[in-house]
Amino acid sequence: MLEKWSEPGIGQFLKESFSISCKAGEEEFQKLQKEFLQLNSHLEKQGVKLRLGSLKDDKLCSCSLELSLKHMKRDAGKKREYGTHKSIGAVYLYRKEHNSKDTALYSGLPLRSYQRRVKKYKEEGRWTEEEKAFF
């Protein structure tokens, strides 16, 4: 059954749950898990998440497909990744151990936008690890 839910600040979502049969057992399930992870890495940027539950005794595993309606638009890409709402403090701490390009990806922004925000937060004195506001 198709469920619809929303969360303020993140958006609206559609979720469908279903079961898959793994007759060959644990080996097939491990292979299926790897395939789901690979698919998920490509689909997440467009607001689609695939989840695979654990294998049960009756050789069925539960799955869910979640669609972000906010991301189902033209040019959904890095800047619109699902789940990239980070605080300024979290980005600040990540930046200590990584370069600017990696930190921009972590924050879900293009490099130049990331650099502009960092400059702005430094000028305002908000570029600290205690800052709780969203980046």
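The values are calculated or read from the model by the stated rules, or taken from the named source; none is laboratory data. Values in this document were obtained by computation on a predicted structure and should not be read as measured data. Reconstructed Cβ throughout: ideal geometry from the backbone, glycine too, with neighbour counts over all protein chains shown.
Residues checked against (1) touching a strand residue (DSSP E or B) at 6+ places or on another chain (Cβ under 6 Å); (2) more than 27 Å from Phe134 (Cβ to Cβ):
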{"residue": "Phe18", "(1), (2)": "yes, yes"}
{"residue": "Glu26", "(1), (2)": "no, yes"}
{"residue": "Lys34", "(1), (2)": "no, yes"}
{"residue": "Asn40", "(1), (2)": "yes, no"}
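Could you list all residues from segment 1-33 that are under 17 Å from Arg51 (Cβ atoms), assigned to a helix (DSSP H, G or I) and in contact with a Leu (Cβ under 8 Å, 6 or more places away or on another chain)?
Within segment 1-33, Phe29, Leu32, Gln33 qualify.
Which members of segment 14-43 meet the condition of being of a type in the set (S, T, N, Q) and within 18 Å of Leu60 (Cα to Cα)?
Ser17, Ser19, Ser21, Gln30, Gln33
Consider Lys59 carefully, then state whether it is in contact with an Asp or Glu (Cβ under 6 Å, 6 or more places away or on another chain), at pLDDT 75 or above and surrounded by 13 or more Cβ atoms within 10 Å (Cβ to Cβ).
Values: in contact with an Asp or Glu (Cβ under 6 Å, 6 or more places away or on another chain): no; at pLDDT 75 or above: yes; surrounded by 13 or more Cβ atoms within 10 Å (Cβ to Cβ): yes.
When the stated conditions are applied, Lys59 does not pass them.
Filter segment 1-60 for residues that are farther than 22 Å from Lys86 by Cβ, hydrophobic (A, V, I, L, M, F, W, C) and under 19 Å from the mean Cα position of the chain (by Cα) and give the result.
Answer for segment 1-60, where residues must be farther than 22 Å from Lys86 by Cβ, hydrophobic (A, V, I, L, M, F, W, C) and under 19 Å from the mean Cα position of the chain (by Cα): Trp5, Leu14, Phe36, Leu37, Leu39, Leu50, Leu52.
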